[in-house]
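Read-outs: derived from the displayed coordinates by stated rules, not from any lab. Fair warning: this is a prediction, and the values are worked out from it, not measured in the lab. Note that we place each Cβ from the backbone using ideal geometry, even for glycine, and neighbour counts take in every protein chain shown.
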Amino acid sequence: MSHPLTSRVTGPVLTPDDEGFSDEVAAHNRAVVHAPDVAVGATSTQDVVETVRWAAEQGMPVHVQATGHGATTPVTSGVLLTTHRLGGVAVDPVARVATIGAGAAWTDVVPVADAHGLTPVAGSSAHVGVVGYLLGGGLGPFARSHGFSSDRLESVTVVTGTGEVVEASAGEHPELFWALRGGKTGLGVVTQVRLLLVEMPALYAGTLFFDIEHIDTVLRGWLAWTATADPDTTTSAAIVRFPPLEVVPPFLRGRTVLLLRVARPGDEGAGAAAAAPLRALAPAFLDTVGVLPVARSAEIHNDPTEPGPSWVRGLLLDRADGDLASTWLAHVGPDASHPFVAAELRHVAGATGPDVPGGSAVSGRGAAFVLGIVGADPSRFGEMPAAADAIVQAVAPWASAEVNPNFAGFGTASWAPSTADRLTRVRRTYDPAGVFA
Ligand SMILES: Cc1cc2nc3c(=O)[nH]c(=O)nc-3n(C[C@H](O)[C@H](O)[C@H](O)COP(=O)(O)OP(=O)(O)OC[C@H]3O[C@@H](n4cnc5c(N)ncnc54)[C@H](O)[C@@H]3O)c2cc1C
């Protein structure tokens, strides 16, 4: 017997016994395996409306997945609405606005925008979903020069918990619009966003690769440098223990290194001047920092593109100093014993500080750094929560009270208490029955 939703939607409706169910629910993060009662592959806004209404009638929760980059908790019941068929990107070059379907990843937006000499303020990975990323705010390689990516949202089309389609913007449903810019979950199913693009005719960016013996010096030197860093330069330092695996480029296999990522919109001269103190910290064994077409900005971080298992935990820091450097190195430096593959500090602040006119629910405007630890070896996943807890405890003196949802990973996101209360009120208004709870 066919599922009752089959007659209401045009996209696939799959239950666990159906062929294709596992592929439909698969997350980019293979550590998480979803097992909803039913998966619906939305092909239109109307499919979303019908699915939400049906779930509400049944008293079933609705979960949403685009790519599964943000998957941490397995869905074990209800409906999993997949949005990857809701693609489509169109750019209005005069208004400099991209209309982006909920199924798009940055890799779908960048070339379309680039054809008009424009670019989105995207994240480090081109394969992350645009909507999931923007709902958390979004801090990428241009965080200091351009701020949170959600600051450039013009409007968001949402299916609410009652199955209504609303367009939220500064002028329409402003409270919902405020919440969608950083409030992340429980606010409806987004089917489309309109995002302001920027011009970035020149970019100086890339990575300085430092060998294990320089990690201490470079990490300390970089953190000290951030205190007076050029406001247009965004940098991050990741200590990475590359496993001896085929997927790793041969020159990095089995090596522990520090990757210092640098991105400065603007010409080569100003970029080279900004990067000079970083190059002087120690000899890099590879230096890819140079003129980079903005359409290739995903090469700054070179995040993994293939799905795989990962365990992530992150938080924000209000500040960093020499003691933070010592604490960080004691826990994730070359001599530390831990189960993680990478430990990263991203310097943010700058344009991330000032809120948009009308405000937004973004968590972490006051933060100066994003801290992230990543595990990729499933045989050690069991050790990771306790190991991460120990790191979180050690850096507590520098930590922000807020934890941005895009970086919380297997931890818990948090907002300033007044923002959290206001988000609860917005969720009650637009999802009174708690369909998206
Ligand atoms: C390799 C990697 C690099 C990253 N780099 C950055 C970075 O530079 N900056 C940054 O800020 N974050 C970064 N992130 C975090 C990323 O932005 C979040 O994990 C984001 O939620 C991923 O969105 P997604 O749609 O790809 O993933 P999904 O797992 O599909 O979605 C995550 C969540 O977003 C919500 N969501 C997605 N689509 C919809 C929708 N249409 N309607 C309503 N809710 C929706 C749901 O709550 C869903 O559970 C990175 C993550 C990874 C794995």
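General remarks:
- For the chain, the Kirkwood radius over C-alpha pairs fed into Stokes-Einstein at 25 °C and 0.890 mPa s yields D = 110 µm² per second.
- Antiparallel bridge percentage (DSSP; both residues within the stretch 4-82; nearest 5): 20 percent
- Inter-part distance where the stretch 244-271 and the stretch 8-44 are each reduced to a Cα centre, Å: 36 Å
- Nearest 10 degrees, 0 to 90: helix 215-226 Cα axis against the chain principal axis: 70 degrees
- Counting Lys and Arg as +1 and Asp and Glu as -1 over every other residue whose Cβ lies under 15 Å from the Cβ of residue 151, the net charge comes to +4.
- Shown here: the stretch 253-332, whose C-alpha atoms stretch 37, 36, 29 Å along the first, second and third principal axes, sorted largest to smallest.
- Relative contact order of the stretch 1-141, defined on C-alpha pairs under 8 angstrom at six or more residues apart (%): 19 percent
- Order by protection proxy (mean Cβ within 10 Å, highest first), peptides 418-431, 131-144: 131-144, 418-431
- Taking other residues whose beta carbon is less than 11 angstrom from the beta carbon of residue 229, and scoring Lys, Arg as +1 and Asp, Glu as -1, yields 0.
- Kirkwood Rh (inverse of mean 1/r, distinct Cα pairs), the stretch 4-82, angstrom: 12.4 Å
- Whole-angstrom gap from the stretch 311-335 to the stretch 143-188, using each part's C-alpha centre: 33 Å
- Computed P(r) (all Cα pairs; the stretch 321-381; 5 Å bins; percent): 4, 14, 19, 17, 14, 12, 10, 6, 3, 1
- Helix 417-430 axis, angle to the chain major axis (alpha carbon atoms, nearest 10°): 30 degrees
- Alpha-carbon spread of the stretch 355-437, three principal axes, descending order, Å: 43, 32, 17
- Cα-based helix-to-principal-axis angle, 45-58 vs the chain, degrees rounded to 10: 70 degrees
- Integer Hz, Karplus 6.51/-1.76/1.60 couplings in order for the stretch 66-77, x for Gly and Pro: 9, 10, x, 5, x, 5, 10, 10, x, 7, 10, 7
- Whole-Hz ³J(HN,Hα) from phi, Karplus 6.51 cos²θ - 1.76 cosθ + 1.60, for the stretch 126-134, glycine and proline x: 6, 9, 6, x, 4, 5, x, 5, 5
- Relative contact order (%) - criterion: Cα under 8 Å, at least six apart; region: the chain: 17 percent
- Rule-of-thumb Rg ratio for the stretch 125-185 [Cα; 2.2 N^0.38 Å; N residues]: 1.17
- Percent breakdown of C-alpha pair distances by 5 Å bin, ordered from the shortest bin, for the stretch 89-199: 2, 13, 24, 27, 19, 10, 3, 1
- Note on the stretch 206-320: Rg/Rh from Cα positions, Kirkwood definition for Rh, rounded to two decimals, is 0.96.
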